[in-house]
1. Please label the shape of segment 91-202 as rounded, prolate or oblate, based on the square roots a ≥ b ≥ c of the eigenvalues of the alpha-carbon gyration tensor (a/c under 1.5 means rounded; beyond that, a/b larger than b/c means prolate, else oblate).
2. What lysines sit close enough to Lys11 to cross-link, taking a C-alpha to C-alpha distance under 17 Å and skipping anything fewer than 8 places away on the same chain?
3. Once a ≥ b ≥ c are taken as the square roots of the eigenvalues of the Cα gyration tensor of segment 2-83, is the result rounded (a/c under 1.5), prolate (a/b larger than b/c) or oblate (a/b not larger than b/c)?
4. Which aspartates and glutamates have a Cα lying under 13 Å from the Cα of Lys155, excluding residues fewer than 8 positions away in the same chain?
5. Just to confirm a number: summing +1 for Lys and Arg and -1 for Asp and Glu over residues other than Gly55 whose beta-carbon lies under 13 angstrom from that of Gly55, what do you get?
6. Counting other C-beta atoms within 10 Å, and keeping those with at most 13, which DSSP coil GluC sites (Glu not before Pro) do you find in segment 81-145?
7. Return the aspartates and glutamates within reach of Lys176: Cα separation strictly under 15 angstrom, same-chain partners fewer than 8 residues apart disregarded; answer none if there are no such residues.
8. What does the C-alpha gyration tensor say about the overall shape of the chain? Classify as rounded when a/c is under 1.5, otherwise prolate if a/b is larger than b/c, or oblate.
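Every read-out reported here was derived from the displayed coordinates using simple, explicitly stated rules and does not represent laboratory data. What you are looking at is a predicted structure, and each value in this text was computed from that prediction instead of being measured. Quick reminder, even Gly has a Cβ in these numbers, built from the backbone with ideal geometry, and neighbours come from all protein chains shown.
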Amino acid sequence: MAAFSGRDLRKIYITGETEVHALRGVDFAIHQGEVLVLLGPSGSGKSTFLNIIGGLDRPTSGQLYYDEIELTALDERSLTRFRRAQIGFIFQFYNLIPSLTAEENVRLVTDISDNPMSAAEALELVGLADRRSHFPAQLSGGEQQRVAVARAIAKQPGVLLCDEPTGALDSATGVKVLETLESANAKLDTTLIIITHNAGIAAMADRVFHFLDGQIARIETNSQRISPAEISW
Ligand SMILES: Nc1ncnc2c1ncn2[C@@H]1O[C@H](COP(=O)(O)OP(=O)(O)OP(=O)(O)O)[C@@H](O)[C@H]1O
């Protein structure tokens, strides 16, 4: 089953007199439950692609589907509803609220979701049950990112979209974060899409989209996935 499929997606940013063609006709299908890594040089369109499939931004032209829903045909309110229900985002910087504990940060999401797990359960899944009353400043970078993962998975989204989730972390800590993402994929059947500049991470994916100049230049299929602990950085 396709989680997402897209046809001839294009994105043009216009700033003053300058036009940037960030996506130049992208066709793709992303399978429900797969682990997908997006690689490519800076400026090749990865974040633009991620933001569009996550409903944070819209393409200039082309069609995009999530399952049977045509996202490109939705009005703002419906697109926001889709995003809230189905998409968990994880960014390079954790965006936690400093004055709230780990558990309260996760509750911000569970309080407004239709079908959430409890904040305690989400923190348990990322291995932070014993840190639930800690504030972000009392947690390491990797632990803060795992709270961000707990916050993203707590609403049980269909898809986790991660833009450089280990970009600010050392390798040992990065492995731990990737392990929590992988376990969300395995336990909750969440489609997992990760942008990274670290080509080693591609080995944990089912498939890799290689972006170049606003297009998917090549799709690589891994015959075998390796676990994050075996990745060489
Ligand atoms: N909001 C925007 N307004 C104007 N141009 C933009 C905007 N966002 C991205 N771009 C441009 O679109 C192109 C693609 O950017 P994008 O962020 O998608 O690339 P990327 O592959 O994610 O890069 P990086 O690996 O550096 O994050 C770049 O040339 C960028 O400058």
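1. Working: a/c = 1.79, a/b = 1.20, b/c = 1.50.
Here segment 91-202 falls in the oblate category.
2. Those lysines meeting the cut-off are Lys46.
3. Details: a/c = 1.93, a/b = 1.25, b/c = 1.54.
Oblate, because a/c is 1.5 or more while a/b does not exceed b/c.
4. Answer for Lys155, where 13 Å is the Cα cut-off: Asp111, Asp114, Glu121, listed by chain and number.
5. Working: positive: Arg58, Arg77, Arg81, Arg83, Arg84; negative: Asp57, Glu70, Asp75, Glu76.
Around Gly55, the charge tally is +1.
6. On the way: sites: Glu103, Glu104, Glu121, Glu124, Glu143; in loops: none.
Sparse-neighbourhood loop GluC sites (Glu not before Pro): none present.
7. Excluding near neighbours in sequence, the set is Glu124, Glu143, Glu164, Glu230.
8. Values: a/c = 1.67, a/b = 1.37, b/c = 1.22.
Note, shape of the chain comes out prolate.
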